[in-house]
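First up is the structure itself, then whatever we jot down about it.
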Amino acid sequence: MRGAIRWVRADLRAHRGQSVTTVAVVAGVVAALVLAVMLLEGALNPWQQLFNRTRGADVLVYLADGTQASQLRSIPGVTAVGDPYDAAAATLVQGAQKSPVQVRGMTPTPPAMSAPLMVAGSWLRASQPRGVVIEASFAAAIHVGIGDRIVLDGVDGTTVPMRVTGIADSADQGFYPQWTPGLIWASHTLLSEVEPTPSETTEVVGLRLADPSPAGTGLVSQEVYDAYNAYNSPSSPPLNVFLVLNWSNMLIDPEGIGNGNGLSARPDEVLMFSDSIRLKNRYPPHKESRLGFP
């Protein structure tokens with residue numbers, strides 16, 4: 001073995017120029033392969049790239065209005081809890097065309113977790129009280145751009161005019177129209193015009209997990225549901241958690257809203273299902289129309 005090493009060293013000293021060239025070529029080929037793999041991954045899975053850039057949430061929890069989100073910090077496997085925000089369902093009206101949307105109440109400071117990535121215009125500003133930001137794939141589908149005036153109809157028939165001041169990408173759900181509803185970020189004031197009854201809004205909280213794998217996120221989703229919807233009898237209060245959206249492999253839907261079996265695949269993965277993490281369906285649906293999901 002030592003003789004072989006001495007022979008290699010002697011050969012390298014005798015052909016230094018050739019050796020340096022060979023090493024440089026090999027390093028260049030390896031670098032090119034690594035770059036190609038990275039570019040291919042980004043092309044095949046743009047959602048994952050967007051998730052990383054926007055510091056996306058591994059799990060989104062939809063809570064009934066007034067439910068305390070502080071309990072989420074004690075759920076095993078949760079490493080970070082985002083700031084809660086309110087959301088309400090509405091309909092964007094364009095003549096005869098009507099598109100379901102979810103309006104999210106935000107402040108002029110973008111959230112630290114799941115921050116929309118601006119691609120045009122600007123984020124919400126106090127100087128533009130009727131300005132809103134629309135998710136990019138939704139804006140493209142309905143042919144809306146910066147400066148356009150839009151009108152939303154609330155669930156109770158309230159009509160609210162707005163103006164598009166920004167367009168942004170988001171990893172909070174897949175790309176429209178494969179995933180609905182369309183997402184719109186607005187000020188809390190505009191949200192209260194769309195849904196004037198606070199009890200009819202839902203509170204959305206993002207979670208980051210120690211184990212963001214399908215198994216890890218599935219277990220945390222079940223823990224969240226059990227922690228908030230524990231019951232002792234059929235006369236227990238209505239559900240406090242309506243939806244737990246798990247972007248590592250599935251949408252877990254305790255009310256059966258969606259495709260009928262409570263699950264819907266993430267944009268870049270095949271539909272997965274496991275009886276071990278099926279959520280307990282104890283009560284009939286309560287507020288599906290208010291959630292902004294079909």
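Exposure proxy ranking for SER122, SER199, based on other Cβ atoms within 10 angstrom of each Cβ and starting from the fewest, stands as SER199, SER122.
Shown is the FRET efficiency for ARG125 and VAL151, computed with R0 = 22 Å from the Cβ-Cβ distance and rounded to the nearest 0.05: 0.60. Segment GLN97..ALA80, full-extension length gain: 2.1 nm, with 0.36 nm per residue of separation and the alpha-carbon distance subtracted. Can you tell me the FRET efficiency between THR159 and LEU117 if r is taken as the Cβ-Cβ distance and R0 is 45 Å, rounded to the nearest 0.05? About 0.90, to the nearest 0.05. What's the local net charge at GLN128, with K and R +1, D and E -1, over the other residues with C-beta under 14 Å away? Around GLN128, the surrounding residues sum to +3.
Between HIS188 and GLN49, residue separation times 0.36 nm minus the direct Cα-Cα distance comes to 47.1 nm. Between THR109 and SER70, the simple label model (points 7 Å from Cα in the Cβ direction) yields a spacing of 2.1 nm. Summing charges over all other residues whose Cβ lies under 10 Å from the Cβ of TYR85, with Lys and Arg as +1 and Asp and Glu as -1, gives -2. Counted by Cβ distance under 15 Å from LEU183, the other residues give a net charge of -3, where Lys and Arg count +1 and Asp and Glu count -1.
Read-outs: derived from the displayed coordinates by stated rules, not from any lab. Because the structure is a prediction, the values reported are computed rather than measured. For neighbour counting, all protein chains shown are included, and Cβ atoms are generated from backbone atoms with ideal geometry for every residue, glycine included.
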